[in-house]
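The values are calculated or read from the model by the stated rules, or taken from the named source; none is laboratory data. Owing to the predicted nature of the structure, the values given are computational and were not obtained by experimental measurement. Cβ coordinates were reconstructed from backbone atoms using ideal geometry, including for glycine residues, and neighbour counts include every protein chain displayed. Just the protein is used for accessible areas: all its heavy atoms, side chains included, with ligands, DNA and RNA removed. Shrake-Rupley method; radii C 1.70, N 1.55, O 1.52, S 1.80 Å.
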Amino acid sequence: MNEQGDDFDAVGNIPNPSGAENGESDHMIDATSGDNDQDGGRMRRAHRHTAYQTQELENFYLENPLPTEDQRYELGQRLNMEPKQVKFWFQNKRNQMKINSDRLENITLREDHDRLLLTQHQLRSAMLHCSCNICGRATNCGDIDYEVQKLIVENTILEREINQLYSKIPSRPNQMLVSPSQPPHCSSSNPGINATPELGLGGGTRTTEKERSMFLDLAIKALKELLELGEMDCPFGKIDSRSSKAVSLINEKYKNASNNVTKPPGHVVEASREIGLVPMTCLTLVKTFMDTEKWVNVFAPIVPVASTRKVIPTGSGGTKSGSLQLIQAEFQVISPLVPKRQVTFLRYCKELRHGLWVVVDVTPDQNPTLLSDGGSINRLPSGLFIEDMANGYSQVTWIEQAEYNESHIHPLYQPLIGSGIGLGATRWLATLQRHCESLSTLSSTNLAEISPGLSAKGASEVVKLAQRMTLNYYTGITSSSGNKWEKIQVENVVQNMSFMIRKNVNEPGEPTGILLSAATSVWFPVKQKALFAFLSNPSFRHVWDTLTHNATMEETIRIQKAKRHGNIISLLKFAGNGMLVLQEIWNDASGAMVVYSPVETNPIEWVKRGGESDYVQLLPSGFSIIPDGVPDRKGKSKTGGGGGCLLTFGLQLLFSSNPTAELPQGYVKNVEVLMVHTISKIKSALHIYT
């Protein structure tokens, strides 16, 4: 019989029998490189790795979770470890990631189950109060004779036909007509059920058979094109996926197909592709993309608002494979100089084989002449391939194509958008990776151990509060249709600066009164990484932050959401005045962010003890940093830019606690001076004199 020590690996964990490498059985376990102490009958002490060894192993795992025997040997030589120790570490790491992924998927399934139960309850309640679309009578009319019901419906249909005939007579006064597209059967009229009407391109409330066939045919054609673009020998593989040169090669057919269509000035086609690992299973990702609410939550920095306008039946029997939806959404870049993109597109998902799925998006009506207002885009066949990998990871190949009018985009941002970075595959994939990694970290880590004195419930509420802070920061700059910010005109305002106000009366989590939001975007001749390092460094905070009053600060809470992306939530305490500031930062291929907001002591202490964070008042400010998109000397527009980056500074203030107060121009001018002064101090500290 084996000793107890033979059942444990080098880090004291039980290895995963399903994670064998190169045909070797994982049942052959050796805890350390030394000989087994079987004669003595004692359990040997588990070997503990140094912090350096663990960090190097973690970094290698992110790049390759399945190293070969030669790679394990080289890694062991470099870290002074036996090859078997390296092997067992990777086995246990994959086993741990699989357990974390399963736990996360279970949480998602429970949330889906609870939501379905709630929907079922709402539907049952609505059935008691539903009415007929034709006659307006209640459908729960068992006391009325069937023949009477039939006559009522037939009479309503005849009245509709008569009204349609009369409407064709010029001298006939206008009448309220019933839409011919409404079929003569009853459906729920409860506004609580499907509050957003499902609108088709034809203007009706339901999908006709002709529309359904047209949508499905378009989705299948887009899928075929995406399969071609997914091949490694397509032009994406020959030219850097973020180079503007790739556009002319890949989308030549769009130009040829629309030669007879008059294109507005500034018409542009962009395309990009990116490949990477995502710490989430294939099926969980598919469910996320086919649930609009979850999709918006994942891509909040890019998609401020979206809604499913139609769920189109395809005969798939209710399974995710073959699902087809019509979605309306807004896409944004965090800057007041880039207008939001309004986009309507079909989303179609298909299981190509076991463990390989594709989600494809395409705009149904791709007419370049409709893009002249600058606020709309045509989404050419775009989407992602999702392939299941080992132990909870998926490999994602993201392809993004769009045509739009760049004449409404500020010249500072045209290279960024045109290079495919601003709203291209790189940003989409990096945002997905950061979100999934944070979910994996927060679900697998005991949050109470992250910050001493903070309970698990308290840590969860701090994360929730930081998420709300960051979302409020986005809306204070881009002003999507889903919020109440209104732009105001300011006389002789500094170039590239915008102001918005909103009146808050009963909105929880924000001060009551008149709120002012100011934002500006500036080009910096430094790399994204360097500017982020300066702004996120506590030692330099006093240089640009007027709230500090040159005081030192202490980090009382630190929660690391996504290590690879530098995603950290902190609670900072300034010496002297004792002011508390909640802050969240990250830096990756999608850009960098430093968002912060002062918080009052009593509410944040309540949250730290596990209290609800919904009523903690926030007025977020901060910085968004993205590469400028200008190609470097080698002709590539890499992340980090061609030597520069674009900085957006956003600031939110409470002007007055009286919601009816008038905002004077003098106050706005003072805020403008503060914004300019802050930017100037940052430039001066970085020795930028422009």
Only listed residue being surrounded by 11 or more Cβ atoms within 10 Å (Cβ to Cβ), at pLDDT 90 or above, assigned to a helix (DSSP H, G or I) and of a type in the set (S, T, N, Q), chosen from N92, N106:
N92
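Considering S335, S316, S307, which residue is at pLDDT below 90 and hydroxyl-bearing (S, T, Y)?
S316 is the lone residue from the list that is at pLDDT below 90 and hydroxyl-bearing (S, T, Y).
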Restricting attention to segment 570-584, which residues are open to solvent by 20 Å² or more (accessible area, probe 1.4 Å) and either without any contact (Cβ under 8 Å) to a residue 12 or more places away in the chain or part of a strand (DSSP E or B) (or both)?
K573
List pairs: first in segment 641-666 and within 11 Å of W523 (Cα to Cα), second assigned to a helix (DSSP H, G or I), Cβ under 6 Å, 6+ apart or cross-chain?
C645/Q528; C645/L531
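Tell me, which helices (runs of 4 or more DSSP H) wholly within segment 414-463 include 2 or more residues that are modelled with pLDDT of 90 or more, basic (K, R) and crowded, with 21+ Cβ neighbours inside 10 Å?
Details: elements: 414-418, 425-444, 447-450.
Fully inside segment 414-463 and qualifying: 425-444.
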Which strands (runs of 3 or more DSSP E) sit wholly inside segment 467-538 and have at least 1 residues that are small (G, A, S) and surrounded by 17 or more Cβ atoms within 10 Å (Cβ to Cβ)?
497-504, 513-524
